[in-house]
Amino acid sequence: MKAFLGMGLLGSNFVKAMLQKGEAVQVWNRTAARAKAMEIFGAKAFENSYDAVQGADVIHVTLKDDATVDEVLATASKGFKPGAVIIDHTTTSVLGAVKRTADWKSRGFTYLHAPVFMGPPNALDSTGFMLVSGEQSVIEKHTPALAAMTGKLLNFGAEEGKAAGLKLSGNLFLLSLTAGLADSLALAKVHGISSSDLLTLFNNWNPGVGVPARLKKITEGNFNEPSWELNMARKDAGLMMDAASQASTTLTVIPAIATVMDQWIAKGHGSDDWSVIAKDSL
């Protein structure tokens, strides 16, 4: 039997998927009504977290942050079955994940951090990506169940906390991507171009396809064979900022990138590939 603590959009859909597969699941949420709402799908809801985990071999957690996870688990632990396994899907800090792994192990319980790149529809359909790292015997034991919850389970080895770090790195890229799209939309508007036209461009020319190749180029340090010279990229950034300024429009990402470009040009890298601006991140 499983318990699930945290009935937000992600957690509730994870539970619905488990129930559809015939599993017995006990649920809890700080706002009790959210847990109660899961009973129509076959879950058993509890008002107290320590009651929700009674008899559970595996306790899944999808909460807000490190502090919330620590608080909820501390309370719920009064009802933990000896040797229970805690699987935490919350996006947390690396240090938090490492500390919880050690702390719960010292108390006779297994804690495995398994953050996800999954939205609520993915949780319901068992698609998307789940990340794990840490003690490989633990991961091997729980791989079948975790793999059934997601489209692909990615095991990043024995280093505790690596999955947490990769989740944060991935989320950083998503935040940067959205900010970049906001700048693209703003610049398109300056030029009288509709968002639908911009979507047509990206539907046909998909720059996302080139992300792995670009990352490979950066990590290999291959900057002296440019596909787009830094000087030329900086010239284009200037055109973007000039157009935005003339229309009294604020760009969020490009001015910051232009500042970094200027620093690298000043160091003599103007003829290198523009991705040289990422060199110090290696």
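The numbers here are math on the coordinates, done by the rules we state, and not lab data. Predicted model only: the values in this text are computed from it and were never measured. Note that we place each Cβ from the backbone using ideal geometry, even for glycine, and neighbour counts take in every protein chain shown.
Couple of notes before you dig in:
- Our summary gives the chain a relative contact order of 12 percent, counting only alpha carbon pairs under 8 angstrom and 6 or more residues apart.
- Charge tally around residue 113: other residues with Cβ under 10 Å, Lys/Arg +1 each, Asp/Glu -1 each, net +1.
- Modelled label reach - residue 141, point 7 Å along Cα→Cβ, the range 77-112 residues with backbone N closer than 18 Å: 80-89, 100-112
- Placing +1 on the Cβ of every Lys and Arg and -1 on the Cβ of every Asp and Glu, with no other charges, gives the range 166-281 a dipole of roughly 260 debye about its Cα centre.
- Going from the residue with the fewest nearby Cβ atoms within 10 Å to the one with the most, 34, 107 rank 107, 34.
- Subset of 36/78; 21/152; 16/64; 189/267; 217/267 violating a 29 Å alpha-carbon distance limit: 189/267
- Distant alpha-carbon pairs in the range 72-141 (separation over 17 angstrom), percent: 47 percent
- Local charge for residue 60 was computed over the other residues whose Cβ lies under 10 Å away, with Lys and Arg +1 and Asp and Glu -1, and equals 0.
- Quotient of C-alpha Rg and 2.2 N^0.38 Å, computed over the chain: 1.25
- The Cβ shell under 13 Å around residue 146 holds other residues with a net charge of +1, Lys and Arg each +1, Asp and Glu each -1.
- Global geometry of the range 2-160, whether rounded, prolate or oblate, following the gyration tensor of its Cα atoms and the 1.5 cut on a/c: oblate
- Order of 214, 234 under a 10 Å beta carbon neighbour criterion, fewest first: 214, 234
- Shape of the range 166-281, Cα gyration tensor, a/c cut at 1.5: oblate
- Cα centroid separation, the range 1-51 to the range 238-267: 49 Å.
- Averaging Cα coordinates gives a centre for the range 62-87 and one for the range 208-236; these two points are 44 Å apart.
- Assigned charges on the beta-carbon of Lys, Arg, Asp, Glu; the chain dipole about Cα centre (debye): 720 debye
- DSSP beta bridges confined to the range 2-160 are antiparallel in about 10 percent of cases.
- The range 106-120 and the range 133-180: distance between their alpha carbon centers, rounded to Å: 10 Å
- Counting neighbouring Cβ atoms within 10 Å and putting the fewest first, the residues 88, 125 line up as 125, 88.
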